[in-house]
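Please read the structure below before turning to the comments.
The values are calculated or read from the model by the stated rules, or taken from the named source; none is laboratory data. Please read these numbers as outputs of a predicted model, since none were measured by experiment. Cβ coordinates were reconstructed from backbone atoms using ideal geometry, including for glycine residues, and neighbour counts include every protein chain displayed. Protein only, heavy atoms only, side chains kept; ligands, DNA and RNA dropped before computing areas. Shrake-Rupley method; radii C 1.70, N 1.55, O 1.52, S 1.80 Å.
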Amino acid sequence: MSQPFYFEPMLENPMALDRLELSFRWGAYGIRVLRCHLTSFPAGAIVNYHQHSEYEIHYIPYGKGRVILDGITHPLQEGLLYVTAPGVIHRQEADEHEAMGELCLHVDIVKLSDLEEAGTSAMSSSGWGEEWEMAEAEACIGQLSELPHTPAVDRHEAMKCFLVAYEAWRNNQLGQYTIIKQSIIQMLLRTVSAYKPEQQGVNLPARDMKNYRYQMAVQFITDNFRRPLTLEGVAERVQISSRQLQRIFKEKANVSFSEYLEQIRLKFVCSELQQTTLTLEKIAERSGFTSSNYLHYVFKKAHGTTPNAYRENTVLQHVSTM
């Protein structure tokens, strides 16, 4: 019994993606999708010599035939792909006795102007991975332009991305544009990798793990200071030992974990004293202190005055400025 055709869902509307106006930015490049479809050539069919001003990538999901690139004939069969870069003259033929399928990605790739790049950079944050996307796009498209004019094995299954894009369109699912965009990018990346299986990607930035864990611990404390917190519990959250976390707080904040937690709680207490009329008992409960007496002790030690005196002084300052 023969295997079902993997791309059978696309047979219902093989040219569906061609009807979409798809264009997007990838790094410093603009990508405009001209064609993204499944087609079939009957036995003996010929697509005569021609060329394009854009990139056209041909994937063979079934059948066999041949392609002539730069005057050299190459056999085609299921699982192969080939790239025709701008200006490359080519001719494609299906086998005389067997039909051949083709998944075709035809894209116009434009290097965006320096002025446009500057405008975009000015409107966006300098981080959030933008520089790494730009580096990957530059590396991929640079290598795409240098690929040999010969077929290659689709070793990274780039053609499967066609079905991912098609299913996103057919199901009209939330995020379909993003899914289709990422599918096109994956086709380009996997196509380049088919020719250069040992290539390396860009060197992604490594985290300063000490600073990362400190920031994670600080954020967890900020989000949960009202609850009972312990050094051991927070250390477990950031996946290090309590001794390591204590050392990190001494190094980064110049205080112990308990002192830092106390500072966060007292900052909240000051805000409550200034902006509310809640009792000290209620403020202690809301800020994570075990009792109003303990809060009174800690507050006086830190600020040199009692919570009530601090509140009264705040009210007097407010009145004097009116």
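When only Cα pairs under 8 Å and 6 or more residues apart are kept, what is the percent relative contact order across the chain?
On the way: 452 pairs, mean separation 42.8, N = 322.
Contact order relative to length: 13 percent.
Enumerate the whole-percent occupancy of each 5 Å bin, from 0 to the last occupied one, for all C-alpha pair distances of the range 131-274.
2, 8, 13, 12, 9, 7, 7, 9, 10, 10, 8, 4, 2, 1, 0, 0
How large is ³J(HN,Hα) for each residue in the range 42-47, as worked out from phi by the Karplus curve 6.51 cos²θ - 1.76 cosθ + 1.60 (θ = phi - 60°), to whole Hz, x for Gly and Pro?
Result, ordered by residue: x, 3, x, 5, 10, 9 Hz.
Measure up LYS160/LYS210; LYS64/LYS181; LYS64/LYS111; LYS181/LYS252 against 31 Å on the Cα-Cα distance and list the ones that go over. Kindly include the intermediate steps, with their values, before the conclusion.
Details: LYS160/LYS210 41 Å; LYS64/LYS181 29 Å; LYS64/LYS111 35 Å; LYS181/LYS252 42 Å.
As for pairs spanning more than 31 Å Cα to Cα, those are LYS160/LYS210; LYS64/LYS111; LYS181/LYS252.
So which lysines pass the test for LYS300, namely a Cα distance under 22 Å, with those fewer than 8 places away in the same chain ruled out?
Cross-link targets: LYS267, LYS282.
What percent does the relative contact order of the range 2-93 come to when contacts are Cα pairs within less than 8 Å and at least six residues apart?
Details: 129 pairs, mean separation 23.6, N = 92.
Over the range 2-93, the number comes to 26 percent.
What angle do you read, to the nearest 10 degrees and between 0 and 90, between the alpha-carbon axis of helix 257-275 and the longest principal axis of the chain?
That works out to roughly 70 degrees.
Rounded to the nearest 20 Debye, what is the dipole magnitude of the range 1-84 about its Cα centre when Lys and Arg each give +1 and Asp and Glu each give -1 at the C-beta?
On the way: 6 positive and 8 negative charges, 20 e Å.
Computed about the Cα centre, the dipole is about 100 debye.
Using θ = phi - 60° and the Karplus relation 6.51 cos²θ - 1.76 cosθ + 1.60, list the HN-Hα couplings for the range 142-148 in order, rounded to whole Hz, with x at every Gly or Pro.
x, 6, 4, 6, 9, 5, x
At a 1.4 Å probe radius, carbon and sulfur cover how many percent of the accessible area of the chain?
Numbers: 9420 of 18580 Å².
Carbon and sulfur atoms account for 51 percent of the accessible area of the chain.
When you take every Cα atom in the chain, what is the radius of gyration, and what is Dmax, the widest Cα pair distance, in Å?
Calculated on Cα positions, Rg and Dmax stand at 31.5, 97 Å.
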